[in-house]
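A quick write-up on the structure given underneath.
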Amino acid sequence: MISAELNKMLVNKLPNLREKYLDEVNWQEGDDTGSHTVYGDVLTPYLAECILKDYKQEYLIIFDFLETLLELDDKYADEVVYLSVFESLTYLFKERTYLISYLGEKCKKALNTVV
């Protein structure tokens, strides 16, 4: 998978992030901006905000999306989820252990790998 595909999947699944996404990629390489940058600078802060504000419906959608990405069994997509999302948010999962019960099996594995 290439960055443009992975990035488009993000904005298609979470259209409310489109404006933040465009702000991030417009000064870089557009849709070809590296997904580590996009997911790390757009999705991860948003997911952290949703968790901290207990927007359960929204973070459940994101967890489901991350599980879908991991089910692709694509090395690049896996790296983005592991390193740019879960590695950055391990502190939240340690503080709010109940969140783990909302993760799919592949997300649990990813989280355990980076912890």
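The values are calculated or read from the model by the stated rules, or taken from the named source; none is laboratory data. Here the structure is a predicted model, which is why all the values come from computation and not from measurement. Using ideal geometry, Cβ is built from the backbone for each residue, glycine included, and neighbour counts are taken over all protein chains shown.
What is the one condition in (1) free of Cβ contacts under 8 Å to residues at least 24 places away in the same chain; (2) part of a helix (DSSP H, G or I); (3) exposed (fewer than 15 other Cβ atoms within 10 Å of the Cβ); (4) not aromatic (F, W, Y) that T113 does not satisfy?
Result: T113 fails condition (1) only.
One line per residue, one yes/no per condition, for (1) under 21 Å from S101 (Cβ atoms); (2) in contact with a strand residue (DSSP E or B) (Cβ under 9 Å, 6 or more places away or on another chain); (3) not hydrophobic (A, V, I, L, M, F, W, C):
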| position | (1), (2), (3) |
| --- | --- |
| E5 | no, no, yes |
| K20 | no, no, yes |
| E24 | no, no, yes |
| T33 | no, no, yes |
| D54 | yes, no, yes |
| F63 | yes, no, no |
| L69 | yes, no, no |
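Taking Y46, is it out of contact with any Phe, Trp or Tyr (no Cβ under 7 Å at 6 or more places or on another chain), among the hydroxyl-bearing types (S, T, Y), under 24 Å from T97 (Cα atoms) and free of Cβ contacts under 8 Å to residues at least 60 places away in the same chain?
For Y46, the condition - out of contact with any Phe, Trp or Tyr (no Cβ under 7 Å at 6 or more places or on another chain), among the hydroxyl-bearing types (S, T, Y), under 24 Å from T97 (Cα atoms) and free of Cβ contacts under 8 Å to residues at least 60 places away in the same chain - is met.
For every residue, the table says whether it meets (1) acidic (D, E); (2) at pLDDT 95 or above; (3) within 22 Å of E105 (Cβ to Cβ).
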position	(1), (2), (3)
L22	no, no, no
V25	no, no, no
I61	no, yes, yes
T68	no, yes, yes
D73	yes, no, yes
D78	yes, yes, yes
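Just name the residue that is surrounded by the fewest Cβ atoms within 10 Å (Cβ to Cβ) out of those in the range 17-40 that are within 14 Å of the chain's Cα centre (by Cα) and aliphatic (A, V, I, L, M).
Across the range 17-40, the extreme among qualifying residues is L17.
Here are L52, L10, L14, L43: which of them is modelled with pLDDT of 95 or more, among the aliphatic types (A, V, I, L, M) and exposed (fewer than 15 other Cβ atoms within 10 Å of the Cβ)?
L52
Using beta carbons and a limit of 8 Å, which pairs, at least six apart or on different chains, have the first residue in the range 19-39 and within 13 Å of K8 (Cα to Cα) and the second one acidic (D, E) and assigned to a helix (DSSP H, G or I)?
Partner pairs satisfying both residue conditions: V25/D31; T33/E24; V38/E24.
How many of the residues in the range 87-102 are over 13 Å from I51 (Cα atoms) and surrounded by 13 or more Cβ atoms within 10 Å (Cβ to Cβ)? First the steps, then the outcome.
To start, the set of residues in the range 87-102 that are over 13 Å from I51 (Cα atoms) comprises 87-88, 101.
From what's left, surrounded by 13 or more Cβ atoms within 10 Å (Cβ to Cβ): 87-88.
Qualifying residue count for the region: 2.
Going through the range 57-105 one residue at a time, which ones are out of contact with any Lys or Arg (no Cβ under 7 Å at 6 or more places or on another chain), without any contact (Cβ under 8 Å) to a residue 40 or more places away in the chain and of a type in the set (D, E, K, R)?
E58, D73, K75, D78, E87, K94, E95, E105
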